[in-house]
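Heads up: the structure comes next, in structure tokens.
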């Protein structure tokens, strides 16, 4: 059985992994779904949240919980966080999974990786040091699930998106990129999948789901992640 640690994307929180965590726990795996500072139930910390702080939180969780052989999964913005944590706590990680996530190189910030249209949308949604969340439909979530997600999305701390991630390289780890093939955000992440298909050490998988696959396709996603 594996130990999974899931890191959510912008505007989300540990809550978004609820159904995936249930599936994996039922199969006997250990699952942790921390919420990053400044978001969801920790939104009161938004003014002090930084990317480096998020990285330290995750690396600290791996250390203080004495987690080993971890399958570390980062979704969307969470790709920035798991990249940084892998450089600091690589000995505790067995596999690194980027779920429709940003994959930064040395010195890049989240904003550096956005396509121009998406950067414009972020700029227009920025107010008071936070970025207001878009509608769930942007993440490919519709119907009753959209109401559930909309009620839980919170503004994202701007500083975490503008801070560059220094020297994210780490010793070789098993790395997987899961590219979601449905929904409005497909173009935002296709470039990472295309580049990594030809990069040694990466396994790239196309997954027939929208960006918030953990909400819309939890059973299928849990099955995919459980396969080493």
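Points to keep in mind about this one:
- Taking region 1-54 as the range and being at pLDDT below 95 and closer than 18 Å to residue 133 by Cα as the test, no residue passes.
- In this structure, residue 209 qualifies as touching a residue at least 60 places away in the same chain (Cβ under 8 Å) and either crowded, with 21+ Cβ neighbours inside 10 Å or out of contact with any strand residue (DSSP E or B) (no Cβ under 7 Å at 6 or more places or on another chain) (or both).
- Residues in region 1-28 that are crowded, with 17+ Cβ neighbours inside 10 Å, more than 23 Å from residue 119 (Cβ to Cβ) and in contact with a strand residue (DSSP E or B) (Cβ under 6 Å, 6 or more places away or on another chain): 2, 3, 4, 5, 6, 17, 21, 24.
- With respect to (1) under 17 Å from the mean Cα position of the chain (by Cα); (2) within 27 Å of residue 52 (Cα to Cα), the lone exception for residue 124 is condition (1).
- The set of residues from region 60-79 being out of contact with any helix residue (DSSP H, G or I) (no Cβ under 8 Å at 6 or more places or on another chain), surrounded by fewer than 17 Cβ atoms within 10 Å (Cβ to Cβ) and in a helix (DSSP H, G or I) comprises 60, 64.
- Matching residues in region 192-223 - criterion: being in a helix (DSSP H, G or I) and under 11 Å from residue 177 (Cα atoms): 192, 193, 194, 195, 196, 197
- Here residue 131 meets the list (1) touching a residue at least 60 places away in the same chain (Cβ under 8 Å); (2) within 16 Å of the chain's Cα centre (by Cα) almost entirely, failing just condition (2).
- Selection status of residue 145, in contact (Cβ under 8 Å) with a residue 40 or more places away in the chain, under 27 Å from residue 18 (Cα atoms) and not in a helix (DSSP H, G or I): no
- Of all residues making up region 168-182, the number that are surrounded by 13 or more Cβ atoms within 10 Å (Cβ to Cβ), at pLDDT 80 or above and closer than 17 Å to residue 94 by Cα: 6
- Residue in region 98-105 that is out of contact with any helix residue (DSSP H, G or I) (no Cβ under 7 Å at 6 or more places or on another chain) and at pLDDT below 95 present: yes
- Screening the candidates 57, 69 for the property of being at pLDDT 95 or above and closer than 23 Å to residue 205 by Cβ yields one hit, 69.
Okay, residues lined up against (1) outside any loop (DSSP other than H, G, I, E, B); (2) touching a residue at least 60 places away in the same chain (Cβ under 8 Å); (3) out of contact with any helix residue (DSSP H, G or I) (no Cβ under 7 Å at 6 or more places or on another chain); (4) crowded, with 20+ Cβ neighbours inside 10 Å:
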position	(1), (2), (3), (4)
47	yes, yes, yes, no
58	yes, no, no, yes
86	yes, yes, yes, yes
95	yes, yes, yes, no
112	yes, no, yes, no
120	yes, no, yes, no
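- Region 148-167, subset modelled with pLDDT of 95 or more and in a strand (DSSP E or B), residue farthest from the chain's Cα centre (by Cα): 157
- In region 12-35, the qualifying residues are those that are in contact (Cβ under 8 Å) with a residue 60 or more places away in the chain, farther than 18 Å from residue 136 by Cβ and not in a helix (DSSP H, G or I), and the one that is nearest to the chain's Cα centre (by Cα) is 29.
- The condition (being farther than 23 Å from residue 213 by Cα and within 14 Å of the chain's Cα centre (by Cα)) is satisfied by just one residue among 62, 58, 39, 51: 51.
The values are calculated or read from the model by the stated rules, or taken from the named source; none is laboratory data. Everything numeric in this text was worked out from a predicted model, so none of it was measured. Methodologically, a virtual Cβ is constructed for each residue, glycine included, from the backbone with ideal geometry; neighbour enumeration extends over all protein chains shown.
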